[in-house]
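Reviewing the structure listed below.
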Amino acid sequence: MKTYLPAKFVVERDESRCIRCQVCVNQCTFGVHSYDVEDDEIRSREENCVGCHRCAIFCPTRALTIKKSSLDYRDNYNWSPEVIEDVIKQSETGGVLLTGMGNDKRYRIYWDHLVLNASQVTNPSIDPLREPMELTTYLGAKPERVEFDSSGLRTEVGPQVKLEIPIMFAALSFGAVSLNVQESLARAATEMGTLWNTGEGGLHPKLYQYGANTIVQVASGRFGVHPKYLEAARIIEIKIGQGAKPGIGGHLPGEKVTGEVSETRMIPRGTDALSPAPHHDIYSIEDLAQLVYALKEATGYSKPVAVKIAAVHNCAAIASGIVRAGADIVVLDGFRGSTGAAPKVIRDNVGIPTELALAAVDERLRREGIRNRASLVVSGGIRNSADVAKAIALGADAVYIGTAALVALGCTVCQQCHTGKCAWGICTTDPWLARRVNPDIGSKRLSNLLRSWSLELKDMLGGMGINAIESLRGNRLHLRGVALTDAELQVLRVKMAGS
Amino acid sequence: MLSSVTTDMHETARLDVRGLPSRELNAKLKELARAGVRRIELRNVYGQRYIGTGLRAAVEIEIFGIPGNDLGAFMDGPRIIVRGNAQDGCGNTMNEGEIVVHGNVGDVLALCARGGKIFVKGDAGYRAAVHMKEYQAKRPTVVIGGTAQDFVAEYMAGGVVLLLGLGLKEGQRHTANFVGTGMHGGVVYVRGEVCKSQLGKEVDTAPLDENDWLIVRKLVEEFVFHFGGDSERILGHKFTKLLPLHLRPYGRLYAY
């Protein structure tokens with residue numbers, strides 16, 4: 001069928017600079033560039049370009065420029081090019097539109113409407129260059145009170161996990177991303193004193209050595225879940241939902257189930273890995289409690305159990321149930337959270353913003369007097385250290401970063417994760433492409449990112465006149481809202497700037 | 001009430017666990033398994049959960065009474081014999097081992113099991129053998145003497161389920177609907193009648209071939225070894241094989 005889809009990008013090649021080295025031909029995985037031997041010329045099939053910039057960055061003579069196509073439809077606010085092109089794709093395939101990464105629509109980004117405080121004159125600011133600043137965070141259930149006797153602490157405290165910085169790497173499963181990406185994350189987490197998350201794809205034997213910095217996931221497909229996997233982990237996370245696709249399961253297509261993925265997921269090579277939408281043993285909070293305690297029993301109550309849900313309308317009440325079900329950590333994943341593949345209609349239309357969900361959950365747990373019983377971790381749309389500081393002021397104990405970590409590894413958010421063709425070698429299981437991420441360099445880039453953010457966090461804390469992240473946690477007086485409605489300020493429990 | 005532990009010369013530890021909370025009971029089991037005890041008898045089990053959960057040891061546990069939910073969840077190796085009924089979540093995500101239930105079991109039997117064997121003398125509840133999967137030499141096997149309820153073998157990705165229907169009257173069909181919905185691997189053998197309308201739309205039926213009969217015969221003989229009965233009488237009946245219509249039932253769902 002003749003496609004009616006226009007090319008999205010224009011590839012401009014400066015012929016005076018091009019040396020016919022064919023780096024672009026070899027780097028592009030979408031079949032844009034090709035070399036014509038007879039004419040000694042490089043040609044471009046622009047309709048295949050996804051705008052990932054791999055070729056432009058690796059062109060040794062900077063001969064390539066990738067621009068958005070200037071082919072415009074007649075202006076129509078209602079029928080934007082994206083809307084038109086989605087209909088074209090569906091009429092040509094008859095299938096559900098898939099996409100990668102997080103919700104890219106123009107919903108309000110609340111982080112950008114929240115501003116932080118700083119000390120002036122009274123309660124002077126602290127200079128982080130001269131004074132110790134504390135970012136250490138402990139995840140796990142905290143007792144209501146602590147009692148001491150002559151021999152020390154009498155209160156029984158459940159397992160606590162120490163983080164040097166309150167930023168962890170979000171769940172990225174082996175299968176969705178390559179093993180080199182996971183190794184980069186695991187090594188950076190180990191070096192920086194934080195944790196990375198296996199996602200639902202199991203733990204590759206090579207990565208067991210990073211167990212002390214690993215969160216293992218137990219999701220509806222239970223792929224790769226066995227006693228040694230649970231024992232290896234620092235935290236076990238039950239995945240109920242994901243911000244990019246609340247309420248639906250996942251399908252890892254057979255093509256991505258290569259030898260090593262098969263070994264890690266413990267399923268035959270080439271078979272589809274279907275994660276059902278619900279856990280078939282969880283139909284209620286009581287059932288959830290049963291799985292939480294089954295995992296605690298299986299690991300001798302030695303590690304916290306987290307429960308991850310997508311941020312949805314009723315998440316405050318659900319989070320309350322999760323805490324009462326015995327979870328030590330509640331993870332809230334907002335609708336900007338990314339994915340290796342999700343139906344576009346779900347990604348772009350289901351779920352609520354992380355910021356609002358976080359504020360609502362923290363408030364609800366406080367009001368019910370159970371906030372201490374679980375740590376609160378948020379993810380989905382954390383882009384920089386300011387977002388981290390604001391999330392902590394809104395009540396988070398720590399955050400997960402997924403997209404930001406991938407960008408550190410080279411991702412340009414071209415949203416082609418679902419194709420498995422990632423030219424940056426990130427979201428693929430193709431061994432030839434996966435080599436594009438070198439774990440020595442990848443872990444360095446990720447460690448650098450975490451180091452930058454922790455330096456900036458210390459600067460922000462010092463400016464507010466506080467020397468420990470603990471003093472910012474849930475401290476909404478350090479936030480003010482800008483250009484928000486009363487209803488929004490009410491949900492965020494934040495005052496309007498100036499008041 | 002405290003449990004009493006007695007051990008005899010055959011290295012069998014006997015525990016009266018009446019009133020003992022699940023957590024303490026399981027801690028005790030792990031301690032005994034670590035100490036090298038190879039056989040444990042639990043008396044007066046009244047609904048304690050997670051018995052054998054996450055246990056990785058070559059130990060045999062014989063349970064007198066009714067164990068609670070998640071019996072043998074995430075288990076890797078032990079053999080559990082239940083002299084009574086078992087409840088929900090029996091063999092949940094089990095990796096290896098054997099569970100023999102001399103009674104009925106509740107819902108979600110062998111959910112996501114990857115290995116091991118489960119024999120049930122009586123009936124199973126809803127959602128038995130959902131998303132079982134096999135890997136390399138591991139092939140989880142579930143044998144149910146009676147029948148199972150709706151959604152049995154749903155999302156099944158590997159392993160073997162044998163439904164014997166021994167409690168059914170002559171001419172009476174199995175009761176489950178939506179059998180094998182979303183099935184994309186493994187095999188279900190059904191003794192007795194099951195109507196096409198009871199099956200998920202991803203399920204195909206076939207007569208048993210020679211290899212199937214070998215598998216079924218071996219499992220029936222094991223069933224008879226555990227629970228008694230006449231294997232020839234059980235085998236001399238109509239069997240149907242259920243298998244996935246497509247290995248990738250959702251392959252054509254997406255545009256790109």
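The values are calculated or read from the model by the stated rules, or taken from the named source; none is laboratory data. These numbers come from a predicted model, not from an experiment. Don't worry about glycine lacking a Cβ; one is built from the backbone with ideal geometry, like all the others, and counts go over all protein chains shown.
Test each condition in (1) over 13 Å from the mean Cα position of the chain (by Cα); (2) surrounded by fewer than 24 Cβ atoms within 10 Å (Cβ to Cβ) for A:Cys417 and report the one that comes out false.
Condition not satisfied by A:Cys417: (2).
Report, by residue number, each residue of segment A:477-492 that is closer than 24 Å to A:Leu135 by Cα and surrounded by fewer than 19 Cβ atoms within 10 Å (Cβ to Cβ).
A:Leu477 - this is the single residue of segment A:477-492 that is closer than 24 Å to A:Leu135 by Cα and surrounded by fewer than 19 Cβ atoms within 10 Å (Cβ to Cβ).
Quick one: what pairs do we get from segment B:119-132, first residue on the phi > 0 side of the Ramachandran plot, second surrounded by 24 or more Cβ atoms within 10 Å (Cβ to Cβ) and of a type in the set (Gly, Ala, Ser), C-beta under 7 Å, 6+ apart or different chains?
B:Ala129/B:Ala110; B:Ala129/B:Ala153; B:His131/A:Gly221; B:His131/B:Ala157
Criterion first (part of a helix (DSSP H, G or I) and either free of Cβ contacts under 8 Å to residues at least 24 places away in the same chain or closer than 22 Å to A:Lys344 by Cα (or both)) does A:Glu255 satisfy it?
yes
Matching residues to (1) within 16 Å of B:Thr93 (Cα to Cα); (2) in a helix (DSSP H, G or I); (3) β-branched (Val, Ile, Thr); (4) assigned by TED's automatic domain parsing to the domain that holds A:Ala319:
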{"residue": "A:Arg222", "(1), (2), (3), (4)": "yes, no, no, yes"}
{"residue": "A:Val225", "(1), (2), (3), (4)": "yes, no, yes, yes"}
{"residue": "A:Leu230", "(1), (2), (3), (4)": "yes, yes, no, yes"}
{"residue": "A:Glu237", "(1), (2), (3), (4)": "yes, no, no, yes"}
{"residue": "A:Gly241", "(1), (2), (3), (4)": "no, no, no, yes"}
{"residue": "A:Thr264", "(1), (2), (3), (4)": "yes, yes, yes, yes"}
{"residue": "A:Arg269", "(1), (2), (3), (4)": "no, no, no, yes"}
{"residue": "A:Leu274", "(1), (2), (3), (4)": "yes, no, no, yes"}
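Condition test on A:Glu92, is it touching a residue at least 12 places away in the same chain (Cβ under 8 Å) and under 29 Å from A:Phe335 (Cα atoms)?
The answer is yes for A:Glu92.
Please verify whether segment A:415-435 includes one or more residues that are in a strand (DSSP E or B) and of a type in the set (Gly, Ala, Ser).
No, because not a single residue in segment A:415-435 is in a strand (DSSP E or B) and of a type in the set (Gly, Ala, Ser).
Cβ contacts < 6 Å: first residue of a type in the set (Val, Ile, Thr), restricted to segment A:108-120; second residue surrounded by 17 or more Cβ atoms within 10 Å (Cβ to Cβ), any location; separation 6+ or different chain. Result?
Between residues of segment A:108-120 that are of a type in the set (Val, Ile, Thr) and residues that are surrounded by 17 or more Cβ atoms within 10 Å (Cβ to Cβ), the close pairs are A:Val115/A:Arg480.
Give me the pairs: first residue in segment B:237-256 and more than 7 Å from every other protein chain (Cβ to nearest Cβ), second residue of a type in the set (Phe, Trp, Tyr), beta-carbon distance under 9 Å, and six or more apart or on different chains, which are they?
From segment B:237-256, the pairs are B:Phe239/B:Tyr189; B:Phe239/B:Trp213; B:Thr240/B:Tyr189; B:Lys241/B:Tyr189; B:Leu242/B:Tyr189.
Pick out the one residue from A:Ala306, A:Ala319, A:Ala289, A:Ala327 that is touching a Leu at 6+ places or on another chain (Cβ under 9 Å) and farther than 16 Å from A:Ile215 by Cβ.
The conditions single out A:Ala319.
Kindly indicate whether any position in segment A:447-460 is out of contact with any Lys or Arg (no Cβ under 9 Å at 6 or more places or on another chain), modelled with pLDDT of 95 or more and farther than 21 Å from A:Thr194 by Cβ.
No: zero hits.
Can A:Val292 be described as within 29 Å of A:Asp397 (Cα to Cα), more than 9 Å from chain B (Cβ to nearest Cβ), part of a strand (DSSP E or B) and of a type outside the set (Gly, Ala, Ser)?
Considered against the rule, which asks whether it is within 29 Å of A:Asp397 (Cα to Cα), more than 9 Å from chain B (Cβ to nearest Cβ), part of a strand (DSSP E or B) and of a type outside the set (Gly, Ala, Ser), A:Val292 comes out as no.
Scan segment A:57-70 residue by residue and report those that are of a type outside the set (Lys, Arg) and either touching a residue at least 24 places away in the same chain (Cβ under 8 Å) or in contact with a Lys or Arg (Cβ under 8 Å, 6 or more places away or on another chain) (or both). Steps first, please.
Of segment A:57-70, the ones of a type outside the set (Lys, Arg) are A:57-61, A:63-66, A:69-70.
Passing the criteria: A:Phe58, A:Cys59, A:Pro60, A:Thr61, A:Ala63, A:Leu64, A:Thr65, A:Ile66, A:Ser69, A:Ser70.
Output the residues belonging to segment B:75-95 that are more than 14 Å from chain A (Cβ to nearest Cβ), in a loop (DSSP other than H, G, I, E, B) and surrounded by fewer than 23 Cβ atoms within 10 Å (Cβ to Cβ).
Result: B:Gly84, B:Asn85.
Tell me, yes or no, whether segment B:205-218 has at least one residue that is within 14 Å of another protein chain (Cβ to nearest Cβ) and crowded, with 18+ Cβ neighbours inside 10 Å.
No, segment B:205-218 contains no residue that is within 14 Å of another protein chain (Cβ to nearest Cβ) and crowded, with 18+ Cβ neighbours inside 10 Å.
Restricting to segment A:220-234, name every residue that is in contact (Cβ under 8 Å) with a residue 40 or more places away in the chain and within 11 Å of chain B (Cβ to nearest Cβ).
Across segment A:220-234, the qualifying residues are A:Ser220, A:Gly221, A:Phe223, A:Gly224, A:His226, A:Pro227, A:Leu230, A:Glu231.
Check segment B:96-112 and report whether any residue there is in contact (Cβ under 8 Å) with a residue 60 or more places away in the chain, closer than 25 Å to B:Asn26 by Cα and either aromatic (Phe, Trp, Tyr) or part of a loop (DSSP other than H, G, I, E, B) (or both).
Scanning segment B:96-112 turns up at least one residue that is in contact (Cβ under 8 Å) with a residue 60 or more places away in the chain, closer than 25 Å to B:Asn26 by Cα and either aromatic (Phe, Trp, Tyr) or part of a loop (DSSP other than H, G, I, E, B) (or both).
Name the residue, out of A:Glu200, A:Glu237, A:Glu263, that is out of contact with any Asp or Glu (no Cβ under 6 Å at 6 or more places or on another chain) and more than 14 Å from chain B (Cβ to nearest Cβ).
Only one candidate qualifies: A:Glu237.
If a residue has to be within 14 Å of chain B (Cβ to nearest Cβ), part of a loop (DSSP other than H, G, I, E, B) and over 18 Å from A:Val350 (Cβ atoms) to count, how many in segment A:64-110 make the cut?
Here is the first cut: in segment A:64-110, the ones within 14 Å of chain B (Cβ to nearest Cβ) are A:85-100.
Okay, now just the ones that are also part of a loop (DSSP other than H, G, I, E, B), so A:94-95, A:97, A:100.
Checking the rest, the ones that are also over 18 Å from A:Val350 (Cβ atoms) come to A:94-95.
So the count comes out to 2.
Residues of segment B:81-119 being of a type in the set (Val, Ile, Thr), under 11 Å from the mean Cα position of the chain (by Cα) and more than 22 Å from A:Tyr283 (Cβ to Cβ), which ones?
Result: B:Ile99, B:Val100, B:Val101.
Among the candidates A:Asp272, A:Asp281, A:Asp287, which residue alone is within 8 Å of chain B (Cβ to nearest Cβ) and surrounded by fewer than 24 Cβ atoms within 10 Å (Cβ to Cβ)?
Selected residue: A:Asp272, the only one of A:Asp272, A:Asp281, A:Asp287 that is within 8 Å of chain B (Cβ to nearest Cβ) and surrounded by fewer than 24 Cβ atoms within 10 Å (Cβ to Cβ).
Working carefully through the options A:Pro128, A:Pro124, find the one that is modelled with pLDDT under 95 and in contact with an Asp or Glu (Cβ under 7 Å, 6 or more places away or on another chain).
Within the list A:Pro128, A:Pro124, the selection yields A:Pro128.
If the requirement is being assigned to a strand (DSSP E or B), more than 14 Å from chain B (Cβ to nearest Cβ) and buried (at least 24 other Cβ atoms within 10 Å of the Cβ), which of these qualifies: A:Val330, A:Val361?
Every option except A:Val330 fails the conditions.
Any chance segment A:270-281 includes a residue that's at pLDDT 95 or above and within 22 Å of B:Met132 (Cβ to Cβ)?
The answer is no; no qualifying residue exists.
Which members of segment A:296-324 meet the condition of being within 14 Å of chain B (Cβ to nearest Cβ) and either crowded, with 22+ Cβ neighbours inside 10 Å or free of Cβ contacts under 8 Å to residues at least 24 places away in the same chain (or both)? Don't jump to the end; show me each part of the working.
To start, the set of residues in segment A:296-324 that are within 14 Å of chain B (Cβ to nearest Cβ) comprises A:296-303, A:305.
Scanning segment A:296-324 gives A:Lys296, A:Glu297, A:Ala298, A:Gly300, A:Lys303, A:Val305.
I'm checking my understanding of the structure. Among residues of segment B:135-162 that are of a type outside the set (Gly, Ala, Ser), assigned to a loop (DSSP other than H, G, I, E, B) and crowded, with 22+ Cβ neighbours inside 10 Å, which one is farthest from the other protein chains (Cβ to nearest Cβ)?
B:Thr147
Determine whether A:Ile441 is aliphatic (A, V, I, L, M), over 22 Å from A:Leu114 (Cβ atoms) and surrounded by fewer than 19 Cβ atoms within 10 Å (Cβ to Cβ).
So A:Ile441 passes the test.
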